[in-house]
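What follows is a short report on a single structure.
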Amino acid sequence: MQTRLLPPGPENLELGRQFLLQDLPVAFPTETVYGLGADARSGQGVRAVFEAKGRPADNPLIVHLADPGQIGECAEWTPLGRTLARALMPGPVTLVLRKKPTVSPAVTAGLDTVGLRVPDHPVAHAFLQCCGFPVAAPSANTSSRPSPTTAEAVLEDLRGRIPLILDGGPCRVGIESSVIDVTGDRPVILRPGRVTAEDLAAFAEAETYELRPGESPRSPGLKYRHYAPACEAVLVRPERRELLEEAVRQAMQEGKRVGVLARPGFYAGEAPLFSLGQTVDDMARLLFFSLRAAEKESDLLFVEAPEDSGFGRAVLNRMRKACGGREL
Ligand code: TXA
Ligand code: MG
């Protein structure tokens, strides 16, 4: 199959809608990362997305809508859900509610809940509005790879597997939405993201879900390997920074091609630096982009960790997984 990368003009949004109606997956930009869409009403369309990504069948997809007003067609509102939807949508957040039968069980992998998201991105909004139906979409990467934050990254993973990528340029947030269970009285953060526990404090005290060993996870995605670059990666906490130069030197002596993903100032040695910008927001925006750039010319990457607070917690969560738990 030929994969076309096209600008998001009205005729190409319509072309995307036609592909979805034929059960062919279409990639589109959001403010977090690129998504790989299917018509959420079509079991066959949804299965085609799982197949293109190589995604385990028990990991549910998020349903994307143009407007929060459409949530009632897909799920049962709760008072907490309404409050948070009013405050945070559109935005980089996914709310988990009890699903209605309109959502195909293929989307939710048999769960009785569904994740709902209203992206805050002009192209995502225009595409969802053009479609008019709910669009189920995971991140548009091959399963276990870093999420794509540019159209070129989608092409790298899915060339020949999907007919169309709508190119909306680089994503503003750069890591995936906060997934928040709002079925009860208190929000439970299942996946940290740009919307933090501190942001939720204005509405309700949030709980952050931690997966305990031996327990089956409340969010199936938690049990899979994620964001893995093609080379080895090691996390460097700020308090371990003084060990970095020696570790780089040693690895280079062993003949390894070493790269450092960091904010300029964190590292000043010989290995090539892949910038993570200045602020925590920059780190999120550049993390997956820089991982994909660095893996092409490195055997080993050292990755600067942010402080473990606020939005830094979400960035650290992705870095830990990308490094497979390895730390300096
Ligand atoms: O920012 C994002 O959320 C991006 C863009 C494309 O919207 N999407 C995304 O989708 O990251 P995906 O499929 O890569 O990650 C969805 C995560 C998975 O970890 C999945 O297990 C969890 O959300 N999830 C989906 N539905 C759920 C549900 N009903 N209950 C608990 N977790 C759910
Ligand atoms: Mg994903």
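The numbers here are math on the coordinates, done by the rules we state, and not lab data. Since the model is a prediction, treat every value here as computed from it, not as a measurement. Don't worry about glycine lacking a Cβ; one is built from the backbone with ideal geometry, like all the others, and counts go over all protein chains shown.
Structure above, values below:
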| item | result |
| --- | --- |
| Peptides ranked, highest mean first, by Cβ atoms within 10 Å: ranges 195-208, 52-65, 256-269 | 52-65, 256-269, 195-208 |
| Alpha-carbon centroids, the stretch 1-80 and the stretch 246-289: separation in whole Å | 35 Å |
| Dipole moment magnitude, nearest 20 debye, the chain about Cα centre, only Lys, Arg, Asp, Glu C-beta charged | 600 debye |
| Simple label model, 7 Å out from Cα along Cβ direction - E270 to A201, nm | 4.7 nm |
| Estimated FRET transfer efficiency when R0 is 51 angstrom, pair Q129-K256 (beta carbons, to 0.05) | 0.55 |
| Cα gyration tensor, the stretch 1-113 - rounded (a/c under 1.5), prolate or oblate | oblate |
| Modelled FRET efficiency - R0 22 Å, Q44 with Y224, Cβ distances, 0.05 increments | 0.40 |
| C-alpha long axis of helix 43-53 to longest principal axis of the chain, angle in ° | 10 degrees |
| All lysines inside 20 Å of K321 as judged from Cα atoms, apart from same-chain residues fewer than 8 positions distant | K53, K223, K296 |
| At most 16 other Cβ within 10 Å, DSSP loop - trypsin sites (Lys or Arg not before Pro), the stretch 90-159 | R159 |
| For the chain, built as a Gaussian network whose Cα springs stay under 10 Å, the top-fluctuating residue of R318, R194, R161 | R161 |
| 0 to 90° range, to nearest 10: angle between helix 122-131 axis and the chain longest Cα axis | 30 degrees |
| Neighbour cut-off at most 13 other Cβ (10 Å), DSSP loop, GluC sites (Glu not before Pro), the stretch 209-300 | E210, E215, E254, E270, E297 |
| In degrees, nearest ten, helix 244-253 long axis to first principal axis of the chain (Cα) | 80 degrees |
